[in-house]
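Everything below concerns the one structure shown next.
The values are calculated or read from the model by the stated rules, or taken from the named source; none is laboratory data. Because the structure is predicted, anything quoted here is derived from the model rather than measured. Cβ placement follows ideal geometry from the backbone for every residue including glycine, while neighbour counts extend to all protein chains displayed. Side chains included, ligands, DNA and RNA excluded: accessible areas come from the protein's heavy atoms. Shrake-Rupley method; radii C 1.70, N 1.55, O 1.52, S 1.80 Å.
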Amino acid sequence: MKKAVITGLAICLALFLCCCAVDEPMEPEHAPIAGLSDISGTEYESEILYWFDRGVITGYPDGTFLPDRPITRSEAAKLICSVSGLSLKSEILIADVSHDSWCYDAAAASTVHGIMKLYGDGTFQPHRTITRQEAMVILCRASGISSDSPEPALESIEDAEDIKSWARESVAALLERSIISPDAAGRVRPTGAMSRGEFAAILARIDETLEWASPSAVFDASYVSWISDADPGAAVKPQAVAGEYWLFLPSSADRHSTSLVISDILSDAEITFSGNKASSSSMPFDVTELADPENSGEYVITVSVSDGSSSVSLDYRLLFSERVSSVFLSSSEPDTAGRSFVELGKENAVTGYMTMLSSDGAVIYSGGLTQIRLRGNSTTYYPKKSYQIKLEKKADLLEMSQRSKTWTLLAQYADATLIRDKLCKDLAADLGIYGNPDAGWVDLYYDGAYRGTYELSEKVKVDPNVLSIPNLEKEYERVNEDYAKTGAPVDSVNKYGTELHFTEGVIDPPDITSGFLLEENHYKGDEVCWFKTTRGRAVNVKSPEKVSEAAMIYISELYQELEDAAYAQDSAGRYTGVNPATGKDYSEYVDVDSLARMYLIYYFSNNQDAYVQSTFYFLYAGKLYAGPMWDSDQSFGIGWTEPTLPSDELRFDHIVGGLVNVPSFRETVKSIYESEFRSLALAYANERLWEYADLISGTERSNHVVWPKYFTVSGVKSVFPDGSVYTDAVSYASDWMKERISYMDAKLADW
């Protein structure tokens, strides 16, 4: 780095501009237009024309300037760079602004020179608007204007107490030079939005009072990153947590031979890496020889940059994961369709690229993604989001000999152990519940930012690798030309008078007695095809997506007859399990063994979603089977409104709400419990839970740094006060499970 770049550098700690997302603005028109149609008579007309006459402002393609519209970060950066002549000398990596974006050069240049800052996750957030005080700070940084004694200038300002500490000097500096003035009420409205017109006006007044000089480049935290030697798609950027910079490194990163990637902006500088034990000026270096680990096992490494006459330093906390694979998602269009866009809603599906590395650094997958989108229902409101991804080609991501295109990345935000869901899936598999998706833990990085420990899982679906039953969806595709575009949704009723929803014009294949995948879903379905029962419960048809009225009648009436059998009583009020209209026993409609086994898992875990949502059945040879297992994070003591006690009853709902009163069903449940389930559940409480906890303890440390409040999740009541550690959460789950087994012993003894 040349002396002119290093001289005068100051350590620039992050000032993150907190503002609200807005609709993506129109990209400015780069060819001049004859005039601006919407500025005449406005407050800032003369200043806007000042820039228009110089060709700095050209307006939008429709001839407008929209002076009252709040200015965005990208627009502010572009205007400052155009006026000051600030240009980009070396490229940097910005998570949500691609190199071919219209605002990349301005965003990068303003970042490199310390005028604007990247957020903690490495994003610039180009479409976010800025407040008046944020704009004033940016303008003062760009121009070099400052105040030696800001408080006297703010004494007469009525809303001075609303000005943040980091903005007071900048606001005062602009007031002292009469570049800004308080309004008629004596206010500067620091938290209000800065409009495009006012920003242009302040910039014009600054331009009239000084000669622009490009500020020196600064040492930004983003200049240091980590990229895997195995695949450049596996990249990790620094992110700020509680005012400190962290590098959350995957298991494949070697703490004894660590190489960091340094921006070529620093290519001419002397760089030193030091800790509390030693220092090194070369890479790779052994982190353990430079520093001792601190609170969460992280190593504090100081990166110092010097040109021989002056130097600047930044501290980075390096935390290495252990024993789990890592997934790196990259957006195809990070500036317009990155993670922040995806997390706005499940309808925002985008494309991208994925790299997956094993714990030892081997490439498991490297290729395109045809879809990245949000997944979940109530969990979409949590800060740690879950995602669904679709690969370009099938891959065995979990290395369990199951290849699939569609995968889910489950956040498990409400579960302090991060284990409950996989524990129940594995328990279901060990009990013989058919079609359970495989799952395993990974570290997730999205556009370079570490997002935490995630459960990578296949979806519940009809597939030879997962739920291997006749694929009715493919049969529908075979007999219906252009099946994906077939018909519109239609409402109807079956012979029991309950509503059903089917697809118009769909032709059924010859056999519809096998291949349907169904899901209970509260009191209203959310798929294309669904139905309700006479007890008001909604059931989604998850697969096939579109079916005929005849098929919906067949499924819904079979389901209704099972429900009626479950709740049938004789004249003495005893539950018989026999449908009074058809004379059929409930066992003729459903596979009793799978239903009893699934019931025991729900009873043991006290899953708060059991028989409410995410409860699956599949149809095979005219009979319903319980399973596969899905969505068990609200279990083993976690409840939606209050923690559940080991003695709390499962909400006996829907079909099993009646069957638990039928003697033959009780006998089946009790027999399986005594012969198989009890010993298996006890082994899970005493051994399997702790084996999993040990496996993910190395990744959980990083997760807990980024999500420190997951022990007390808003909306989901847990039992962990501030200061709790991971083993507290695991011990609670283990103790709860063992108490639950004792409770089940007593309850089932009476059956």
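Can you tell me which residue within the stretch 555-586, out of those that are open to solvent by less than 50 Å² (accessible area, probe 1.4 Å) and aromatic (F, W, Y), is nearest to A596 (Cα to Cα)? Selected residue: Y586.
Annotation for the stretch 291-303: at least one member residue is open to solvent by less than 40 Å² (accessible area, probe 1.4 Å) and more than 27 Å from L357 (Cβ to Cβ).
Give the residue, chosen from F273, F199, that is over 28 Å from the mean Cα position of the chain (by Cα) and in a strand (DSSP E or B).
Values: F199 fails: in a strand (DSSP E or B).
The unique qualifying residue is F273.
In the stretch 252-266, the count of residues that are touching a Gly at 6+ places or on another chain (Cβ under 9 Å), part of a strand (DSSP E or B) and modelled with pLDDT of 90 or more is zero.
Of the residues I115, I71, which is over 21 Å from I265 (Cβ atoms), at pLDDT 85 or above and buried (at least 18 other Cβ atoms within 10 Å of the Cβ)?
I71
Being part of a loop (DSSP other than H, G, I, E, B) and modelled with pLDDT under 95 is the filter; apply it to the stretch 608-629 and report the residue that is surrounded by the fewest Cβ atoms within 10 Å (Cβ to Cβ).
V612
The residues listed here are S330, S321, S358; of these, the one that is of a type in the set (S, T, N, Q), closer than 23 Å to E700 by Cβ, in contact with a Gly (Cβ under 7 Å, 6 or more places away or on another chain) and in contact (Cβ under 8 Å) with a residue 12 or more places away in the chain is S321. Regarding the stretch 23-33, can at least one residue be identified that is open to solvent by less than 30 Å² (accessible area, probe 1.4 Å) and at pLDDT below 75? Scanning the stretch 23-33, I find at least one residue that is open to solvent by less than 30 Å² (accessible area, probe 1.4 Å) and at pLDDT below 75, so the answer is yes.
Considered as a group, the residues in the stretch 466-499 that are outside any loop (DSSP other than H, G, I, E, B) and more than 26 Å from Q560 (Cβ to Cβ) include one that is farthest from the chain's Cα centre (by Cα), and that residue is V479.
L680 - would you say it is hydrophobic (A, V, I, L, M, F, W, C), open to solvent by 20 Å² or more (accessible area, probe 1.4 Å), closer than 14 Å to L427 by Cβ and outside any loop (DSSP other than H, G, I, E, B)? The answer is yes for L680. The residues of the stretch 252-271 that are aliphatic (A, V, I, L, M) and over 13 Å from L319 (Cα atoms), listed by number, are L260, V261, I262, I265, L266, A269, I271.
The single condition among (1) within 18 Å of the chain's Cα centre (by Cα); (2) in a strand (DSSP E or B); (3) farther than 25 Å from E700 by Cα that S313 does not meet is (1).
Being open to solvent by 20 Å² or more (accessible area, probe 1.4 Å) and more than 18 Å from V706 (Cα to Cα) is a description that does not apply to S340. Considering the conditions (1) open to solvent by less than 20 Å² (accessible area, probe 1.4 Å); (2) out of contact with any strand residue (DSSP E or B) (no Cβ under 7 Å at 6 or more places or on another chain), D593 is excluded by exactly one of them, (1). Among the residues of the stretch 46-54, some residue qualifies, meaning at least one is modelled with pLDDT of 85 or more, open to solvent by 70 Å² or more (accessible area, probe 1.4 Å), in contact with a helix residue (DSSP H, G or I) (Cβ under 9 Å, 6 or more places away or on another chain) and not in a loop (DSSP other than H, G, I, E, B). Is it true that some residue in the stretch 440-460 is under 24 Å from V590 (Cβ atoms), open to solvent by 10 Å² or more (accessible area, probe 1.4 Å) and not in a strand (DSSP E or B)? Scanning the stretch 440-460, I find at least one residue that is under 24 Å from V590 (Cβ atoms), open to solvent by 10 Å² or more (accessible area, probe 1.4 Å) and not in a strand (DSSP E or B), so the answer is yes. Out of the residues in the stretch 183-196 that are open to solvent by 40 Å² or more (accessible area, probe 1.4 Å) and under 42 Å from the mean Cα position of the chain (by Cα), which is farthest from C81 (Cα to Cα)? Among those residues, the one meeting the criterion is R187. Considering only residues in the stretch 530-554 that are part of a helix (DSSP H, G or I) and open to solvent by 10 Å² or more (accessible area, probe 1.4 Å), the one that is farthest from P509 (Cα to Cα) turns out to be I553. Going through (1) among the hydroxyl-bearing types (S, T, Y); (2) surrounded by 21 or more Cβ atoms within 10 Å (Cβ to Cβ); (3) out of contact with any Gly (no Cβ under 9 Å at 6 or more places or on another chain); (4) part of a loop (DSSP other than H, G, I, E, B) one by one, T58 falls short only on (2). For the stretch 539-574, a tally of residues being under 28 Å from the mean Cα position of the chain (by Cα) and aliphatic (A, V, I, L, M) returns 2.
Look at (1) open to solvent by 10 Å² or more (accessible area, probe 1.4 Å); (2) out of contact with any Leu (no Cβ under 6 Å at 6 or more places or on another chain); (3) modelled with pLDDT of 95 or more; (4) not small (G, A, S) and you find that Y483 fails only one, number (3).
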